[in-house]
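Quick notes on the structure that follows.
The values are calculated or read from the model by the stated rules, or taken from the named source; none is laboratory data. Computed from a predicted structure; not experimentally measured. Here the Cβ is made from the backbone with ideal geometry for all residues, glycine too, and neighbour counts use every protein chain on show. Heads up: the accessible areas ignore ligands, DNA and RNA and are worked out on the full protein's heavy atoms, side chains in. Shrake-Rupley method; radii C 1.70, N 1.55, O 1.52, S 1.80 Å.
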Amino acid sequence: LNTFLLSASEQPVPDVVALGATFQQNGIVDIPGVNGIGVFSVASVNVGAGGEIKVTADTGGVELPLSMLLCQTDPTSGACLQEPTSEVHTEIAANATPTFGIFVAGSGQVPFDPAARRVFVRFRDQAGVVRGATSVAVRTQ
């Protein structure tokens, strides 16, 4: 499963490289039961210019019985720096390496289909342009 995202600007902009990590290290966030909560983390690096970024999680337009909250985390302990919410606004300096926790709450069965059932984490600049993203498969266990 590959996506190639290209964006360009005449001015220097953030360029976020993101990598999702799951507990089983298999790229799948498992939700324990139909009403459970699964979690995964995202590490990132801004290889572009510093700037304000909005971080969000979504299912890529696929209707799934899920809701997502996220928080920026302490990269050493993994603890949330604030209460999880639907979007995180943060300033990411050039070469900074912020980390994030994503909480995926189920409200129904999510069958395993890694190509179609995914949680995406997107990094958007102030103009709403996606400057980085990653995703993991999701399923109910």
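A few comments on the model shown:
- Applying a DSSP loop filter and a limit of 15 other Cβ atoms within 10 Å to the chymotrypsin sites (Phe, Trp or Tyr not before Pro) in segment 82-141 leaves Phe112.
- Separation of the Gln24 and Ser86 label points, Cα + 7 Å toward Cβ, nm: 3.0 nm
- Taking all protein chains into account, the per residue accessible area for the chain stands at 54 Å² (1.4 Å probe).
- With the simple spin-label model, which puts each label point 7 Å out from Cα in the Cβ direction, the Ala96 to Val62 separation comes to 3.2 nm.
- Gained length - Asp113 relative to Ser7, 0.36 nm times residue gap less alpha-carbon distance: 35.3 nm
- Förster radius 25 Å - calculated FRET efficiency between Val129 and Ala43 (Cβ-Cβ, nearest 0.05): 0.70
- Each part gets one Cα centre, and for segment 59-134 versus segment 15-29 those centres are 11 Å apart.
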